[in-house]
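The values are calculated or read from the model by the stated rules, or taken from the named source; none is laboratory data. Nothing here was measured: the structure is a model prediction, and the numbers come from that model. So basically every Cβ, Gly included, is an ideal-geometry build from the backbone, and we count neighbours across all protein chains shown. Just so you know, the surface numbers come from the protein's heavy atoms only, side chains and all, with ligands and any DNA or RNA stripped out. Shrake-Rupley method; radii C 1.70, N 1.55, O 1.52, S 1.80 Å.
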Amino acid sequence: RGLPYTNARGASRDATELRKVIETHGWPGEVLVGPEGAEAAWLVLQYASAESEFMRDCRTVIEAASQVGQVPRWQCAYLDDRMRVFEGRLQRFGTRFYMTPASPEINELEDPGQVDLWRREVGFGPVGEVLSNARDYQLPTEAELQATQARGNVWRRKVGCRAGAARLHDSTHETSTR
């Protein structure tokens, strides 16, 4: 299937299938499904944002799989930050940022003094490098930012995440520096 999804139905359908695989076989890592299958499972999980309980459950599953080398540590970092931001908590690895009319901004960090060490431990580059690279992204106007934030708040309420607790909205990006 083509990713990213253009509608929630496709993401939900694939999350349902992934849930069945996990219940039967555990996390579908490379040993079980090969590199392409493992990447597909990872992407399905990342796009299952409307299913926050499923994402929480998977956070535990992939953390355990990571401890035995079946899942790269960076995947745990991405998912952990994603869930923290959805839940209105501070992110740890600095993988989530958003665009303002003035510049890209990193979502709030649990410990700014520790973030680059934590990033290095999972194979990421420094957070400053990410923000520098993000300066090439198109910046929204103030009206676009407000409209996107409003849509994001409605969506978060619908899926059970904390509306307005963090600056998370449709234009939130994940860092690509690994």
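Some points to look at:
- Whether region 43-150 is rounded, prolate or oblate, judged on the alpha carbon gyration tensor where a/c under 1.5 counts as rounded: oblate
- Prolate/oblate/rounded label for region 111-158 (Cα gyration tensor, a/c 1.5): oblate
- Projecting label points 7 angstrom from Cα along Cα→Cβ for R89 and K158 puts them 2.6 nm apart.
- Annotation: amide H-H contacts under 5 Å for R96 (H modelled 1.01 Å from N, sequence separation of 5 or more, or interchain): N107, T175.
- Portion, in percent, of the accessible area of region 34-151 that falls on carbon or sulfur, probe 1.4 Å: 50 percent
- With contacts taken as Cα pairs under 8 Å at a separation of at least 6 residues, region 1-140 carries a relative contact order of 15 percent.
- Shape category assigned to region 17-78 from the gyration tensor of Cα positions, a/c cut at 1.5: rounded
- Hz values of 3J(HN,Hα) by residue in region 109-117 - Karplus curve (6.51, -1.76, 1.60), Gly and Pro given as x: 9, 4, 8, x, x, 9, 4, 5, 5
- Rounded to the nearest 20, the size of the Cβ-charge dipole of region 39-151 about its Cα centre is 120 debye, with Lys and Arg at +1 and Asp and Glu at -1.
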